[in-house]
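The next block holds one structure in the form of C-alpha coordinates; read it before the comments.
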Amino acid sequence: MISPSVLIFSTRGDSHTEAVLRRLSSNAHPLLIDFSEFGKKYFSSFRVDNESESIWIHSADGEIFNLDSAPSVWWRRPQPFATTIENDPVASGYIAGEARHYWGSVVQWLLHKSEFINNPNKHRQIDRKTYQLASAKRAGFSIPSTCVSSSVQAIETFLLNHPKVIFKSFSGSEEFWQPTRIWRDEYRSIIRNTGACPVIFQELINATFEYRVIAIDGELFSARTDLRDSRYPYDVRIDTKLIRHPCKLDYSIQDRIKKFMDDAGLVYGAFDLQETSSGDFYFLEINPGGQFLYIDDLFGGQISAAMACALSKRSGGTPTYEEHAMQRQEDWAQPLAFSIPEKINHLS
(Lines give C-alpha, C1' and ligand atoms only; values in the text may rest on other atoms or scores of the structure.)
Protein backbone atom coordinates (compact mmCIF):
# COMPACT_ATOMS: atom_id res chain seq x y z
CA MET A 1 0.00 0.00 0.00
CA ILE A 2 1.30 3.44 -0.96
CA SER A 3 0.70 6.57 1.12
CA PRO A 4 1.16 9.64 -1.11
CA SER A 5 2.31 12.85 0.52
CA VAL A 6 1.00 15.16 -2.24
CA LEU A 7 -2.36 14.81 -3.98
CA ILE A 8 -2.89 16.70 -7.23
CA PHE A 9 -6.43 17.01 -8.59
CA SER A 10 -5.72 17.73 -12.23
CA THR A 11 -5.62 16.15 -15.69
CA ARG A 12 -3.02 13.84 -17.12
CA GLY A 13 -1.03 15.82 -19.67
CA ASP A 14 -1.66 19.21 -18.05
CA SER A 15 1.56 21.15 -18.70
CA HIS A 16 1.39 23.08 -15.41
CA THR A 17 1.06 19.87 -13.42
CA GLU A 18 3.97 18.29 -15.25
CA ALA A 19 6.21 21.33 -14.69
CA VAL A 20 5.53 21.32 -10.95
CA LEU A 21 5.95 17.56 -10.62
CA ARG A 22 9.43 17.84 -12.08
CA ARG A 23 10.39 20.31 -9.36
CA LEU A 24 8.97 18.58 -6.31
CA SER A 25 11.51 17.61 -3.70
CA SER A 26 12.82 14.08 -4.06
CA ASN A 27 11.21 12.92 -0.82
CA ALA A 28 7.72 13.96 -1.94
CA HIS A 29 5.39 11.18 -3.09
CA PRO A 30 2.76 12.68 -5.44
CA LEU A 31 -0.44 11.12 -6.73
CA LEU A 32 -2.33 12.62 -9.67
CA ILE A 33 -6.13 12.21 -9.44
CA ASP A 34 -7.74 12.75 -12.83
CA PHE A 35 -11.54 12.69 -12.57
CA SER A 36 -11.88 11.88 -16.28
CA GLU A 37 -10.20 8.50 -15.58
CA PHE A 38 -12.36 7.59 -12.56
CA GLY A 39 -14.05 4.22 -13.08
CA LYS A 40 -11.65 3.37 -15.89
CA LYS A 41 -8.08 3.53 -14.64
CA TYR A 42 -8.82 3.74 -10.94
CA PHE A 43 -11.56 3.22 -8.35
CA SER A 44 -12.05 4.51 -4.83
CA SER A 45 -13.46 3.47 -1.45
CA PHE A 46 -14.41 5.46 1.63
CA ARG A 47 -14.90 3.43 4.81
CA VAL A 48 -16.11 4.82 8.12
CA ASP A 49 -17.25 3.25 11.39
CA ASN A 50 -17.27 4.22 15.07
CA GLU A 51 -13.55 3.64 15.44
CA SER A 52 -11.99 4.86 12.21
CA GLU A 53 -12.39 6.30 8.74
CA SER A 54 -10.27 5.77 5.68
CA ILE A 55 -10.06 6.46 1.95
CA TRP A 56 -8.32 4.37 -0.69
CA ILE A 57 -7.71 4.55 -4.39
CA HIS A 58 -7.35 1.26 -6.25
CA SER A 59 -5.62 1.46 -9.61
CA ALA A 60 -6.67 -0.80 -12.48
CA ASP A 61 -3.25 -2.48 -12.36
CA GLY A 62 -3.62 -3.48 -8.71
CA GLU A 63 -1.87 -0.71 -6.77
CA ILE A 64 -3.56 0.62 -3.63
CA PHE A 65 -3.11 4.20 -2.39
CA ASN A 66 -4.16 5.22 1.11
CA LEU A 67 -5.17 8.90 1.33
CA ASP A 68 -5.57 9.05 5.10
CA SER A 69 -2.35 10.92 5.73
CA ALA A 70 -1.80 12.99 2.59
CA PRO A 71 -0.82 16.35 4.09
CA SER A 72 -0.60 18.41 0.89
CA VAL A 73 -3.21 18.87 -1.86
CA TRP A 74 -3.14 20.94 -5.06
CA TRP A 75 -6.60 21.71 -6.46
CA ARG A 76 -5.34 22.25 -10.01
CA ARG A 77 -8.31 22.60 -12.42
CA PRO A 78 -9.88 19.13 -12.03
CA GLN A 79 -11.94 18.21 -15.09
CA PRO A 80 -15.48 16.73 -15.32
CA PHE A 81 -16.16 13.04 -14.91
CA ALA A 82 -16.20 11.25 -18.26
CA THR A 83 -18.31 8.15 -17.55
CA THR A 84 -20.97 7.72 -20.25
CA ILE A 85 -23.51 5.04 -21.08
CA GLU A 86 -23.99 4.82 -24.83
CA ASN A 87 -27.37 6.15 -25.98
CA ASP A 88 -28.48 6.71 -22.38
CA PRO A 89 -27.88 10.32 -21.31
CA VAL A 90 -30.11 9.91 -18.24
CA ALA A 91 -27.99 7.10 -16.84
CA SER A 92 -24.80 8.95 -17.78
CA GLY A 93 -25.98 12.05 -15.96
CA TYR A 94 -26.93 10.01 -12.92
CA ILE A 95 -23.53 8.30 -12.76
CA ALA A 96 -21.68 11.59 -13.11
CA GLY A 97 -23.82 13.08 -10.34
CA GLU A 98 -23.05 10.20 -8.00
CA ALA A 99 -19.33 10.52 -8.75
CA ARG A 100 -19.42 14.27 -8.05
CA HIS A 101 -21.18 13.65 -4.75
CA TYR A 102 -18.70 10.97 -3.72
CA TRP A 103 -15.60 12.99 -4.55
CA GLY A 104 -17.17 16.12 -3.09
CA SER A 105 -17.47 14.23 0.17
CA VAL A 106 -13.87 13.00 -0.10
CA VAL A 107 -12.59 16.54 -0.65
CA GLN A 108 -14.52 17.91 2.32
CA TRP A 109 -13.07 15.09 4.44
CA LEU A 110 -9.56 15.89 3.23
CA LEU A 111 -10.04 19.56 4.11
CA HIS A 112 -9.99 18.56 7.78
CA LYS A 113 -6.70 16.69 7.39
CA SER A 114 -4.71 18.30 4.58
CA GLU A 115 -3.46 21.72 3.52
CA PHE A 116 -4.93 22.73 0.17
CA ILE A 117 -3.69 24.99 -2.61
CA ASN A 118 -6.41 26.27 -2.80
CA ASN A 119 -9.25 25.26 -0.52
CA PRO A 120 -11.95 24.39 -3.11
CA ASN A 121 -14.65 26.15 -1.10
CA LYS A 122 -12.67 29.39 -0.99
CA HIS A 123 -11.61 28.89 -4.63
CA ARG A 124 -15.24 28.64 -5.69
CA GLN A 125 -16.23 31.70 -3.66
CA ILE A 126 -13.53 34.03 -4.95
CA ASP A 127 -14.00 32.79 -8.52
CA ARG A 128 -17.32 34.70 -8.60
CA LYS A 129 -16.49 37.89 -10.51
CA THR A 130 -18.80 40.27 -8.66
CA TYR A 131 -17.65 38.97 -5.29
CA GLN A 132 -13.98 39.39 -6.13
CA LEU A 133 -14.50 43.00 -7.22
CA ALA A 134 -16.02 43.76 -3.81
CA SER A 135 -13.11 41.92 -2.17
CA ALA A 136 -10.62 43.97 -4.18
CA LYS A 137 -12.21 47.19 -2.94
CA ARG A 138 -11.86 46.01 0.66
CA ALA A 139 -8.20 45.25 0.00
CA GLY A 140 -7.63 48.84 -1.14
CA PHE A 141 -7.74 48.47 -4.92
CA SER A 142 -9.48 50.80 -7.34
CA ILE A 143 -11.83 48.92 -9.65
CA PRO A 144 -13.56 49.81 -12.94
CA SER A 145 -17.16 50.94 -12.64
CA THR A 146 -19.09 47.74 -13.36
CA CYS A 147 -22.63 46.66 -14.21
CA VAL A 148 -23.48 42.96 -14.36
CA SER A 149 -26.97 42.63 -15.73
CA SER A 150 -29.46 41.02 -18.08
CA SER A 151 -31.82 44.01 -17.77
CA VAL A 152 -32.05 46.16 -20.89
CA GLN A 153 -32.92 49.21 -18.80
CA ALA A 154 -29.94 48.78 -16.44
CA ILE A 155 -27.54 48.20 -19.33
CA GLU A 156 -28.81 51.24 -21.25
CA THR A 157 -28.39 53.42 -18.15
CA PHE A 158 -24.82 52.19 -17.63
CA LEU A 159 -23.93 52.80 -21.28
CA LEU A 160 -25.39 56.30 -21.08
CA ASN A 161 -23.22 57.14 -18.06
CA HIS A 162 -19.98 55.70 -19.45
CA PRO A 163 -18.86 56.79 -22.93
CA LYS A 164 -16.38 53.91 -23.37
CA VAL A 165 -17.35 50.44 -22.19
CA ILE A 166 -16.04 46.91 -22.57
CA PHE A 167 -18.07 43.76 -21.99
CA LYS A 168 -17.18 40.15 -21.29
CA SER A 169 -18.45 36.78 -20.14
CA PHE A 170 -18.11 35.08 -16.80
CA SER A 171 -16.56 32.00 -18.36
CA GLY A 172 -15.83 30.13 -21.57
CA SER A 173 -15.27 26.66 -22.93
CA GLU A 174 -13.39 24.95 -25.73
CA GLU A 175 -16.62 24.96 -27.72
CA PHE A 176 -17.34 28.64 -27.20
CA TRP A 177 -14.92 31.29 -26.04
CA GLN A 178 -14.82 34.98 -26.85
CA PRO A 179 -12.53 37.65 -25.42
CA THR A 180 -13.28 40.97 -23.80
CA ARG A 181 -14.79 43.33 -26.41
CA ILE A 182 -15.22 47.06 -26.84
CA TRP A 183 -18.87 48.13 -26.88
CA ARG A 184 -20.18 49.54 -30.19
CA ASP A 185 -23.41 51.41 -30.78
CA GLU A 186 -24.52 48.90 -33.42
CA TYR A 187 -24.83 46.30 -30.63
CA ARG A 188 -27.72 48.21 -29.03
CA SER A 189 -30.30 46.43 -31.18
CA ILE A 190 -29.32 43.09 -29.67
CA ILE A 191 -29.13 44.03 -25.98
CA ARG A 192 -32.50 42.32 -25.56
CA ASN A 193 -30.74 39.03 -26.28
CA THR A 194 -29.18 39.06 -22.85
CA GLY A 195 -32.43 37.55 -21.54
CA ALA A 196 -31.51 35.01 -18.87
CA CYS A 197 -27.78 35.39 -19.55
CA PRO A 198 -26.22 38.27 -17.58
CA VAL A 199 -23.26 40.11 -19.10
CA ILE A 200 -20.38 41.96 -17.42
CA PHE A 201 -20.11 45.60 -18.56
CA GLN A 202 -17.25 47.79 -17.35
CA GLU A 203 -15.94 51.25 -17.99
CA LEU A 204 -12.89 51.14 -20.23
CA ILE A 205 -9.74 51.99 -18.28
CA ASN A 206 -7.39 54.06 -20.42
CA ALA A 207 -4.46 51.91 -19.34
CA THR A 208 -0.85 52.05 -20.44
CA PHE A 209 0.30 48.79 -18.87
CA GLU A 210 -1.31 45.50 -17.89
CA TYR A 211 0.18 43.19 -15.28
CA ARG A 212 -0.09 39.48 -14.68
CA VAL A 213 0.82 38.85 -11.06
CA ILE A 214 1.20 35.33 -9.72
CA ALA A 215 0.89 35.00 -5.96
CA ILE A 216 2.08 31.74 -4.40
CA ASP A 217 2.36 31.24 -0.68
CA GLY A 218 3.38 34.84 -0.02
CA GLU A 219 5.67 35.21 -3.04
CA LEU A 220 4.80 37.49 -5.98
CA PHE A 221 5.90 37.21 -9.60
CA SER A 222 4.86 40.12 -11.83
CA ALA A 223 5.07 40.45 -15.63
CA ARG A 224 4.18 43.71 -17.41
CA THR A 225 2.75 44.26 -20.90
CA ASP A 226 2.85 47.61 -22.68
CA LEU A 227 -0.68 48.05 -24.08
CA ARG A 228 0.53 50.76 -26.44
CA ASP A 229 2.16 47.96 -28.43
CA SER A 230 -1.00 45.85 -28.58
CA ARG A 231 -3.08 45.30 -31.70
CA TYR A 232 -6.01 44.42 -29.42
CA PRO A 233 -5.57 46.27 -26.10
CA TYR A 234 -8.94 45.16 -24.68
CA ASP A 235 -7.70 41.63 -23.97
CA VAL A 236 -3.99 40.78 -23.75
CA ARG A 237 -4.69 37.13 -24.60
CA ILE A 238 -5.51 37.99 -28.21
CA ASP A 239 -2.28 39.50 -29.52
CA THR A 240 0.11 36.57 -29.21
CA LYS A 241 3.13 38.69 -30.19
CA LEU A 242 2.91 40.97 -27.17
CA ILE A 243 6.11 40.94 -25.15
CA ARG A 244 6.00 40.63 -21.37
CA HIS A 245 8.76 41.71 -19.03
CA PRO A 246 9.39 40.80 -15.39
CA CYS A 247 8.91 43.80 -13.16
CA LYS A 248 8.85 44.88 -9.55
CA LEU A 249 5.57 46.15 -8.17
CA ASP A 250 5.34 49.11 -5.84
CA TYR A 251 5.16 47.97 -2.22
CA SER A 252 1.69 49.49 -1.83
CA ILE A 253 0.38 47.27 -4.63
CA GLN A 254 2.13 44.23 -3.17
CA ASP A 255 0.46 44.95 0.18
CA ARG A 256 -2.98 45.11 -1.47
CA ILE A 257 -2.43 41.79 -3.21
CA LYS A 258 -1.28 40.12 0.00
CA LYS A 259 -4.24 41.54 1.92
CA PHE A 260 -6.59 40.25 -0.78
CA MET A 261 -5.00 36.78 -0.57
CA ASP A 262 -5.19 36.72 3.22
CA ASP A 263 -8.78 37.94 3.34
CA ALA A 264 -9.82 35.38 0.71
CA GLY A 265 -7.93 32.54 2.39
CA LEU A 266 -5.97 31.73 -0.76
CA VAL A 267 -2.49 30.31 -1.20
CA TYR A 268 -2.40 30.77 -4.99
CA GLY A 269 -3.91 33.37 -7.30
CA ALA A 270 -3.30 34.90 -10.73
CA PHE A 271 -4.11 38.63 -10.74
CA ASP A 272 -4.77 40.90 -13.72
CA LEU A 273 -4.10 44.57 -13.00
CA GLN A 274 -3.88 47.70 -15.16
CA GLU A 275 -1.93 50.93 -14.71
CA THR A 276 -2.81 54.26 -16.28
CA SER A 277 -0.32 56.84 -17.57
CA SER A 278 -0.73 58.73 -14.27
CA GLY A 279 0.31 55.65 -12.28
CA ASP A 280 -3.12 54.66 -10.97
CA PHE A 281 -3.60 50.90 -10.56
CA TYR A 282 -6.89 49.08 -11.20
CA PHE A 283 -7.86 45.56 -10.23
CA LEU A 284 -9.46 43.69 -13.14
CA GLU A 285 -9.83 40.17 -11.78
CA ILE A 286 -8.20 37.23 -10.08
CA ASN A 287 -8.25 33.65 -11.29
CA PRO A 288 -7.66 31.32 -8.30
CA GLY A 289 -6.60 28.58 -10.72
CA GLY A 290 -5.10 30.80 -13.40
CA GLN A 291 -2.30 29.91 -15.80
CA PHE A 292 1.28 30.82 -15.00
CA LEU A 293 3.42 28.67 -17.26
CA TYR A 294 3.40 31.17 -20.14
CA ILE A 295 5.42 33.62 -18.02
CA ASP A 296 7.41 31.07 -16.03
CA ASP A 297 10.36 31.27 -18.42
CA LEU A 298 10.66 34.99 -17.70
CA PHE A 299 11.58 34.04 -14.15
CA GLY A 300 13.79 31.06 -14.97
CA GLY A 301 11.17 28.56 -13.85
CA GLN A 302 10.84 30.10 -10.39
CA ILE A 303 7.02 30.14 -10.51
CA SER A 304 6.64 26.39 -11.01
CA ALA A 305 9.41 25.92 -8.46
CA ALA A 306 7.55 28.11 -5.95
CA MET A 307 4.45 25.96 -6.36
CA ALA A 308 6.54 22.83 -5.89
CA CYS A 309 8.08 24.37 -2.77
CA ALA A 310 4.66 25.22 -1.35
CA LEU A 311 3.45 21.65 -1.90
CA SER A 312 6.65 20.09 -0.56
CA LYS A 313 6.60 22.31 2.52
CA ARG A 314 3.06 21.22 3.35
CA SER A 315 3.94 17.56 2.82
CA GLY A 316 6.85 17.71 5.23
CA GLY A 317 9.42 17.61 2.44
CA THR A 318 12.37 19.87 1.86
CA PRO A 319 11.48 22.82 -0.41
CA THR A 320 13.81 23.13 -3.37
CA TYR A 321 14.11 25.27 -6.48
CA GLU A 322 16.26 22.64 -8.18
CA GLU A 323 14.68 20.54 -10.92
CA HIS A 324 15.35 16.92 -10.00
CA ALA A 325 15.69 14.23 -12.62
CA MET A 326 12.69 12.05 -11.85
CA GLN A 327 9.70 12.61 -14.19
CA ARG A 328 6.25 12.32 -12.57
CA GLN A 329 4.55 12.09 -14.75
CA GLU A 330 -35.14 30.41 -27.62
CA ASP A 331 -34.23 33.91 -29.11
CA TRP A 332 -34.87 36.22 -26.13
CA ALA A 333 -32.64 34.01 -24.06
CA GLN A 334 -29.87 33.84 -26.65
CA PRO A 335 -26.57 34.88 -25.02
CA LEU A 336 -25.38 38.29 -26.16
CA ALA A 337 -22.02 36.95 -27.27
CA PHE A 338 -23.74 34.51 -29.65
CA SER A 339 -25.73 37.33 -31.22
CA ILE A 340 -22.74 39.38 -32.35
CA PRO A 341 -21.93 38.35 -35.92
CA GLU A 342 -18.18 38.78 -36.06
CA LYS A 343 -15.83 36.62 -34.04
CA ILE A 344 -12.49 37.67 -32.63
CA ASN A 345 -9.59 35.29 -32.99
CA HIS A 346 -6.03 35.30 -31.73
CA LEU A 347 -3.62 37.52 -33.63
CA SER A 348 -0.40 35.77 -34.59
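Taking K168 as the residue in question, decide whether it is under 30 Å from G265 (Cα atoms), at pLDDT 95 or above and in the same structural domain as R256 (by TED's automatic domain parsing). Lay out the reasoning, then the answer.
Details: under 30 Å from G265 (Cα atoms): yes; at pLDDT 95 or above: no; in the same structural domain as R256 (by TED's automatic domain parsing): yes.
Considered against the rule, which asks whether it is under 30 Å from G265 (Cα atoms), at pLDDT 95 or above and in the same structural domain as R256 (by TED's automatic domain parsing), K168 comes out as no.
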Are any residues in the range 246-256 in a loop (DSSP other than H, G, I, E, B) and under 20 Å from G300 (Cα atoms), and if so, which ones? K248, L249
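For the subset of the range 6-25 comprising residues that are polar (S, T, N, Q) and under 13 Å from S36 (Cα atoms), which member is nearest to the chain's Cα centre (by Cα)? Can you show your working first?
The first filter runs over the range 6-25 and keeps only residues polar (S, T, N, Q), leaving 10-11, 15, 17, 25.
Then drop every residue that is not under 13 Å from S36 (Cα atoms), which leaves 10-11.
Details: S10: 12, T11: 14 Å.
Out of the qualifying residues, it is S10.
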From T208, T194, T240, which residue is touching a helix residue (DSSP H, G or I) at 6+ places or on another chain (Cβ under 9 Å), over 30 Å from S312 (Cβ atoms) and at pLDDT below 95? T194
For A136, all conditions in the list (1) closer than 26 Å to Y268 by Cα; (2) surrounded by fewer than 16 Cβ atoms within 10 Å (Cβ to Cβ); (3) touching a helix residue (DSSP H, G or I) at 6+ places or on another chain (Cβ under 9 Å); (4) not charged (D, E, K, R) hold save one; what is the number of the exception? (2)
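Quick check on this structure: which one of P71, P120, P80 is closer than 29 Å to A19 by Cβ and modelled with pLDDT under 90?
P80
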Test of understanding: among P89, P80, which residue is exposed (fewer than 12 other Cβ atoms within 10 Å of the Cβ), within 30 Å of I216 (Cβ to Cβ) and not aliphatic (A, V, I, L, M)? P80
Spot the failing condition for G93; the list is (1) in a loop (DSSP other than H, G, I, E, B); (2) at pLDDT below 95, and only one is missed. (1)
Those residues that are under 27 Å from the mean Cα position of the chain (by Cα), at pLDDT below 95 and either assigned to a loop (DSSP other than H, G, I, E, B) or not assigned by TED's automatic domain parsing to the domain that holds S15 (or both), I need them from the range 27-66; list them, please. A28, H29, G39, K40, K41
Does A215 satisfy the condition of being small (G, A, S) and surrounded by fewer than 18 Cβ atoms within 10 Å (Cβ to Cβ)? no
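Looking only at the range 201-245, filter to residues that are among the aromatic types (F, W, Y) and part of a loop (DSSP other than H, G, I, E, B); which one of those is nearest to I257 (Cα to Cα)? Please lay out each step first, then the result.
Of the range 201-245, the ones among the aromatic types (F, W, Y) are 201, 209, 211, 221, 232, 234.
Those still in the list that are part of a loop (DSSP other than H, G, I, E, B) too: 232, 234.
On the way: Y232: 27, Y234: 23 Å.
Among those residues, the one meeting the criterion is Y234.
The values are calculated or read from the model by the stated rules, or taken from the named source; none is laboratory data. Predicted, not measured: the structure shown is a model, and the values here were computed from it. Reconstructed Cβ throughout: ideal geometry from the backbone, glycine too, with neighbour counts over all protein chains shown.
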